[in-house]
Amino acid sequence: MSSVQQGVKKLFQKVIDVSSCDTQKAGMAPISFVRQVLAACLYPELLKGNCLPLDVRQRAQRLLGDCYGGSVGSYSPVKGMQLVCESIAEFIMRRDSGARSHPENIIISSGSQYCLLMVLHLMANGEGESKTGVLTPMPCSDTLPMVLNLSAVPYQLMEDRGWALDLDELHRALKNARGHCKPRAIYISNPGIPTGCVQDRKTMEEVIQFAAAKGLILLAEEVYQDSVYGQDKEFTSYRKVLQEMEKKYSETVESISFNSLSNACTGECGLRGGYMEATNLDPAVFEYLRDIQRTSSPPTTSQLALEAMVNPPSPGDPSYETYTREILHTRTTLSQNAQRACEFLNNLPGMKCQPAMAGIFLYPRLQLPPRIIEEAKVLGVKADVLYCQKLLEEEGVCLGAGCENGQEDQNYHIRLCVLASPATLDEVLARLCSFHLRLLDRFP
Ligand SMILES: Cc1ncc(COP(=O)(O)O)c(C=O)c1O
């Protein structure tokens, strides 16, 4: 147990945790529209007065009309509420410029990671050489190794190219898997967690062609689609690229894409909501996915919030201005923070940070003094973990250690969520800087 956990008196006032994707934990405010719709659905007395904007009350009434018994306290259908599935399908069609999406291809559940877990659970099969394998990016999200208890087939992202995905590396990874497992899927994180890389169309087409040639299901985690801020970068979904390719791909490649209520702008991690949309998936397989959910319908509250997320106020609606201002505030804070933090980290000796283009993390590389690495060996921990432990002990800042993201030995990184209030980020950077310089001083 660390001395912080033991309650030993420290020089800092409080611990700041910027290790995870939980932006509200890091001080970001929720979107009012989402919370107001939820509040009115949970306590319909609020519908009577004028304390909530008219569009919020109308939305809540519509949503309650889709709840059994007109109450959020009743179970929802196992596949999710019809109205919510329809709103998600409409959102996907708007986002992908009209490529049709069908509510029946959508499954809502308590978080996108649970959706992924269901898919992987279904795919898990075999032993030894025939055990299901999944091509997995390195680095990947820190939660992925927990979800992936199948054989991960690692493919390395190219750090010096801004963490780009490389086709030759996919071929190498697949070849290496021979004799160890049977790869059945490729997992893509775009925008990348924790790298913030946004893939270009050419790369995405190559991935789709690769998946088609190798008979792999494409699992596209697109949780940070709402937070692309890199210059001249924009989010394009795998689904859209696939649908715009030749028929031999668009009508055959099986893909599932994931999105979440925990994304950057909505940031409602604790409400636990996410969905997946399947394209070209064998209908029997899709039915199995539904079967897995049969005993546990998704929570109503997260579905209501999902609906508010994918179907925000339109121009002219009473809530439009507040909603737009809040979203803009989040996006501006994120892009300014990311740029500022990246410059700051790149000015520290022994630290090199690729500029992120999206998402909420920075993932700088650490060049650690050999004596720290030795000390970590003696203690039986990874050197980046030791770095983070010391930082927490001495400065009360909690960052993620790169090894949690699947990084190999001697490849040290730290993970830092930059979607926090600018004042919090300033505090984090100042504490990190004084710790880092002290460390280099102690172990020159
Ligand atoms: C890879 C990845 N996908 C999705 C999410 C969001 O997951 P959920 O929708 O379950 O909150 C996270 C959050 O940690 C993540 O790391």
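The values are calculated or read from the model by the stated rules, or taken from the named source; none is laboratory data. Quick caveat: nothing in here was measured; it's all calculated off a predicted structure. Heads up, the Cβs are rebuilt from the backbone with ideal geometry, glycines too, and the neighbour counts pull from every protein chain shown.
Annotations
- Filtered by the rule that a residue be assigned to a strand (DSSP E or B) and either modelled with pLDDT under 95 or not hydrophobic (A, V, I, L, M, F, W, C) (or both), the stretch 166-198 gives Lys182, Pro183, Arg184, Tyr187, Ser189.
- The stretch 62-84, subset outside any loop (DSSP other than H, G, I, E, B) and without any contact (Cβ under 8 Å) to a residue 40 or more places away in the chain, residue nearest to Leu46 (Cα to Cα): Leu64
- Residue within the stretch 156-165 that is in a strand (DSSP E or B), in the same structural domain as Thr195 (by TED's automatic domain parsing), under 19 Å from the mean Cα position of the chain (by Cα) and more than 16 Å from the ligand (Cβ to nearest atom) present: yes
- Glu90, sole failed condition from (1) more than 23 Å from Val119 (Cβ to Cβ); (2) charged (D, E, K, R); (3) free of Cβ contacts under 8 Å to residues at least 60 places away in the same chain: (3)
- When Gln354 is tested against (1) in contact with a Leu (Cβ under 7 Å, 6 or more places away or on another chain); (2) more than 26 Å from Lys14 (Cα to Cα), just one condition goes unmet, and that condition is (1).
- Selection within the stretch 241-273 - in contact with a Lys or Arg (Cβ under 8 Å, 6 or more places away or on another chain) and either basic (Lys, Arg) or free of Cβ contacts under 8 Å to residues at least 40 places away in the same chain (or both): Ser257
- Restricting attention to the stretch 245-295, the residues that are of a type in the set (Phe, Trp, Tyr) and away from the ligand (no atom under 16 Å from the Cβ) add up to 3.
- Arg57 being outside any loop (DSSP other than H, G, I, E, B), surrounded by 13 or more Cβ atoms within 10 Å (Cβ to Cβ), touching a helix residue (DSSP H, G or I) at 6+ places or on another chain (Cβ under 8 Å) and of a type in the set (Lys, Arg): yes
- Set side by side, the residues Phe258, Phe286 differ, and just one is in the same structural domain as Glu104 (by TED's automatic domain parsing) and surrounded by fewer than 19 Cβ atoms within 10 Å (Cβ to Cβ), which is Phe286.
- Which numbered condition Ala220 fails, given (1) under 30 Å from Thr324 (Cβ atoms); (2) among the hydrophobic types (A, V, I, L, M, F, W, C); (3) out of contact with any strand residue (DSSP E or B) (no Cβ under 7 Å at 6 or more places or on another chain): (3)
- Number of residues in the stretch 214-233 that are in contact with a Ser or Thr (Cβ under 8 Å, 6 or more places away or on another chain), of a type outside the set (Ser, Thr, Tyr) and assigned to a loop (DSSP other than H, G, I, E, B) equals 4.
- Residues in the stretch 138-152 that are within 10 Å of the ligand (Cβ to nearest atom) and either outside any helix (DSSP H, G or I) or modelled with pLDDT of 90 or more (or both): Cys140, Ser141, Asp142, Thr143.
- Test: Ala356 is at pLDDT below 95 and closer than 14 Å to Val418 by Cβ: yes
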